[in-house]
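Chemist: One structure is given below, represented as structure tokens, and several questions about it will come after.
The values are calculated or read from the model by the stated rules, or taken from the named source; none is laboratory data. Please read these numbers as outputs of a predicted model, since none were measured by experiment. Note that we place each Cβ from the backbone using ideal geometry, even for glycine, and neighbour counts take in every protein chain shown. With ligands, DNA and RNA removed, areas are computed over all heavy atoms of the protein, side chains included. Shrake-Rupley method; radii C 1.70, N 1.55, O 1.52, S 1.80 Å.
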Amino acid sequence: MATLPSKGITVPASLLLLTAAAALLLFLLLSSLSPAPSSSSAASFSCPTTSAASSIAAATGPPDPISPTLDDIAWLKSQLVLNSIQEPPSSPAAWHSLRKGINPRTRDQQLADLRRFKGISHYEGDDAENHTALPCPEELLVEEHHSNYGEPWAGGRDVFEFLATAASLSPADHVLEIGCGTLRVGLHFIRYLDPARFHCLERDELSLMAALRYEIPSQGLLHKRPLILRGEDMEFDRFGSDVLYDLIYASAVFLHMPDALVWVGLERLSARLKLEKGRIFVSHNIKFCSRLGGDVCTNRLTNLGLEYVGKRTHDSLLFNHYEIWFEFRKLKA
């Protein structure tokens with residue numbers, strides 16, 4: 001039988017591509033429907049292990065240190081040398097000569113300008129309404145209150161570093177200051193602690209005005225919601241009956257109180273102090289104890305559930321000054 005001559009068949013390239021794509025899709029579909037492999041052959045998919053989680057946490061680094069290190073101080077000194085910053089001048093005239101090119105107005109002159117010009121730049125005419133969200137007295141704007149308590153404002157950081165370190169403070173802890181004044185110290189605690197963890201009882205109206213109208217807004221700390229209350233006579237129940245403090249401190253406040261009121265305060269504070277970790281620090285002296293004598297004071301503290309730990313000092317970072325603090329803790333039940 002004679003064979004028929006074969007004919008060539010031409011297939012378009014686009015058809016070949018569509019066929020290949022369909023075959024691949026069918027293969028993937030069948031794979032997804034097939035039974036899962038045994039545990040011995042299956043790939044492992046799981047949450048990060050503890051070591052992996054630790055690595056992630058370590059990558060974020062530890063929290064910022066509270067106090068500067070020796071390396072920090074050495075670095076700053078090197079920057080002074082790098083920028084040829086000389087020793088500070090020793091006379092008012094020499095200081096004034098350094099202000100060349102800087103606006104030389106004193107605080108009093110700044111205050112006069114603020115009053116005269118209703119601020120520096122201000123709206124007039126139909127827009128003369130006060131556009132300030134939180135109107136602030138001119139005296140606070142020129143920071144006169146930074147000198148209200150007779151010590152350099154910078155010393156507040158020294159006190160914070162000492163107390164926070166001595167109390168092994170963490171941001172989640174609760175802190176109570178008795179007489180926080182204009183927040184020379186309190187600002188640093190507010191910034192360090194979690195929101196609503198800083199409490200203060202203050203009786204002076206000007207200090208409260210400076211703290212609430214100027215310091216907290218100007219430092220960008222409104223979101224920290226510190227609880228600062230006007231009051232005296234050791235009214236600590238106003239902060240809530242269930243709050244226990246990791247640190248309670250009074251900077252020179254007890255110096256200005258009658259001894260009887262100090263003991264009332266210590267009795268109430270003892271009930272507010274956390275067992276073991278909690279600390280009370282009182283600065284400058286403990287006249288309420290020294291007037292009684294060692295054994296009498298010790299017995300009275302014991303009756304309040306408190307124990308005197310000892311006297312501690314700390315040095316200022318910026319000026320020739322040190323403070324003495326007296327430490328107390330709660331007796332174990």
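Chemist: Identify, please: which residue in the range 89-116 is touching a helix residue (DSSP H, G or I) at 6+ places or on another chain (Cβ under 8 Å) and part of a loop (DSSP other than H, G, I, E, B) and is, among those, modelled with the lowest pLDDT?
Modeler: Step by step, filter the range 89-116, then rank; the result is 104.
Chemist: If you don't mind, there's one more thing I want to ask. Within the range 310-330, can one find any residue that is more than 20 Å from residue 177 (Cβ to Cβ) and assigned to a helix (DSSP H, G or I)?
Modeler: No.
Chemist: Also: Please give the number of the condition residue 296 fails out of (1) assigned to a loop (DSSP other than H, G, I, E, B); (2) open to solvent by 70 Å² or more (accessible area, probe 1.4 Å).
Modeler: Condition (1) is where residue 296 drops out.
Chemist: Out of the residues in the range 126-175 that are in a loop (DSSP other than H, G, I, E, B) and of a type in the set (Ser, Thr, Tyr), state the one that is least open to solvent (accessible area, probe 1.4 Å).
Modeler: Here the residue is 170.
Chemist: Counting just the residues of the range 99-125 that are open to solvent by less than 80 Å² (accessible area, probe 1.4 Å) and hydrophobic (A, V, I, L, M, F, W, C), which one comes out farthest from the chain's Cα centre (by Cα)?
Modeler: That would be 112.
Chemist: Restricting to the range 252-261, what's the tally of residues that are open to solvent by less than 30 Å² (accessible area, probe 1.4 Å) and small (Gly, Ala, Ser)?
Modeler: 1
Chemist: Sticking with this structure for a sec: Out of all the residues in the range 262-288, which are of a type in the set (A, V, I, L, M, F, W, C) and open to solvent by 10 Å² or more (accessible area, probe 1.4 Å)?
Modeler: 263, 264, 271, 275, 286
Chemist: Then there is this: In this structure, does residue 266 turn out to be in contact (Cβ under 8 Å) with a residue 40 or more places away in the chain and out of contact with any strand residue (DSSP E or B) (no Cβ under 6 Å at 6 or more places or on another chain)?
Modeler: yes
Chemist: Then there's this: Filter the range 276-290 for residues that are among the aromatic types (Phe, Trp, Tyr) and modelled with pLDDT under 90 and give the result.
Modeler: Result: 288, single match.
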